[in-house]
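Inspection log for the structure reproduced underneath, given as structure tokens.
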Amino acid sequence: MRIVLLGPPGSGKGTQAALLKDRLGVPHISTGDLLRAAVRDGTPLGIKAKAAMDAGELVSDALMLDLIEERMGAPDIQAGYILDGYPRNLAQAHALDEVLGRLDLPVQKALALNVDEDQIVGRLAKRAEQEGRSDDTEEVVRNRLAVYREQTAPVTGHYAERGLLAEVDGIGSIDEINQRLTAALH
Ligand code: ADP
């Protein structure tokens, strides 16, 4: 199964992707995790991406496309994928269609987790305490939400137009939401 997971920061994409990955036996590709690893390892990509990430801005489309082309070209992707954190704007959505079309591995379903902003601010404040992620400070969170609203939310329309979108209520227990997502895949 080839899935794109959409939803605002703090909507629980990462948690749900990890559960779906085990159930479906396909790799979970989180661009946020890949970027944080690159920053940690001090790779050229990490060095270039860090300032944008710390500000809650998007890393450039060109850098992201290099990253995604490399990752999606790996052999394990033949089994399918759960893509989390990409595409984050319409240009990325078009670039992804092109890459996956070339690989003959197009998206089969876009799952969007719906959670309103009030809930998210609370969740991210909690995550900041627990995990200490440098981009979870209040000001940066607010910026990430604005970037989401302006640039990423339109991506759901891209998949809706193609008949691939399923929207799922992201409020509830981890288990409940997992069941909703699984139901939406069938
Ligand atoms: P969030 O919880 O905000 O969704 P992520 O872990 O998905 O966090 O991403 C963290 C940061 O990594 C983003 O704020 C952004 O700077 C960068 N990033 C991740 N994916 C992308 C992408 N597809 N395009 C541009 N920047 C990205």
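The values are calculated or read from the model by the stated rules, or taken from the named source; none is laboratory data. Worth saying up front: this structure is predicted, and the values here are computed from it rather than measured. Positions of Cβ are generated from backbone atoms using ideal geometry, with glycine treated the same way; all protein chains shown enter the neighbour counts. What goes into the accessible areas is simple: the full protein's heavy atoms, side chains included, and nothing from ligands, DNA or RNA. Shrake-Rupley method; radii C 1.70, N 1.55, O 1.52, S 1.80 Å.
Here's the yes/no breakdown for (1) surrounded by 14 or more Cβ atoms within 10 Å (Cβ to Cβ); (2) in contact with a Ser or Thr (Cβ under 7 Å, 6 or more places away or on another chain); (3) more than 18 Å from residue 2 (Cα to Cα):
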residue: 118; (1), (2), (3): no, no, yes
residue: 123; (1), (2), (3): yes, no, yes
residue: 143; (1), (2), (3): yes, no, yes
residue: 152; (1), (2), (3): yes, no, yes
residue: 156; (1), (2), (3): yes, no, no
residue: 161; (1), (2), (3): no, no, no
residue: 168; (1), (2), (3): yes, no, no
residue: 184; (1), (2), (3): yes, no, no
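Among residues belonging to the stretch 59-74 that are in a loop (DSSP other than H, G, I, E, B) and surrounded by fewer than 19 Cβ atoms within 10 Å (Cβ to Cβ), point out the one that is nearest to the ligand (Cβ to nearest atom).
Checked the stretch 59-74; the qualifying residue nearest to the ligand (Cβ to nearest atom) is 60.
How many residues are assigned to a helix (DSSP H, G or I) and in contact (Cβ under 8 Å) with a residue 60 or more places away in the chain if we restrict to the stretch 122-138?
Result for the stretch 122-138: 3.
Looking at (1) modelled with pLDDT under 95; (2) under 14 Å from residue 8 (Cβ atoms); (3) of a type outside the set (Phe, Trp, Tyr), which one does residue 132 not meet, given that it meets all the others?
If we test residue 132 against (1) modelled with pLDDT under 95; (2) under 14 Å from residue 8 (Cβ atoms); (3) of a type outside the set (Phe, Trp, Tyr), just (2) comes out false.
Taking residue 146 as the residue in question, decide whether it is in a helix (DSSP H, G or I) and not β-branched (Val, Ile, Thr).
Considered against the rule, which asks whether it is in a helix (DSSP H, G or I) and not β-branched (Val, Ile, Thr), residue 146 comes out as yes.
Among the residues of the stretch 5-23, count how many are of a type in the set (A, V, I, L, M, F, W, C), away from the ligand (no atom under 11 Å from the Cβ) and touching a residue at least 60 places away in the same chain (Cβ under 8 Å).
The number of residues fulfilling the criteria is 2.
Please identify the pairs in which a residue from the stretch 33-58 that is closer than 20 Å to residue 142 by Cβ and open to solvent by less than 50 Å² (accessible area, probe 1.4 Å) has its Cβ atom under 9 Å from the Cβ atom of a residue that is near the ligand (Cβ under 8 Å from one of its atoms) and of a type in the set (S, T, N, Q), counting only partners at least 6 apart or on another chain.
What qualifies is 52/60; 58/89; 58/92.
Among the candidates 112, 51, which residue alone is out of contact with any Cys (no Cβ under 7 Å at 6 or more places or on another chain) and either near the ligand (Cβ under 8 Å from one of its atoms) or in a helix (DSSP H, G or I) (or both)?
The unique qualifying residue is 51.
Answer yes or no as to whether residue 96 is assigned to a helix (DSSP H, G or I) and more than 14 Å from the ligand (Cβ to nearest atom). Before the answer, list the steps.
On the way: assigned to a helix (DSSP H, G or I): yes; more than 14 Å from the ligand (Cβ to nearest atom): no.
Spelling it out, it is not the case that residue 96 is assigned to a helix (DSSP H, G or I) and more than 14 Å from the ligand (Cβ to nearest atom).
Within the stretch 75-96, which residues are surrounded by fewer than 16 Cβ atoms within 10 Å (Cβ to Cβ) and touching a His at 6+ places or on another chain (Cβ under 9 Å)?
90, 94
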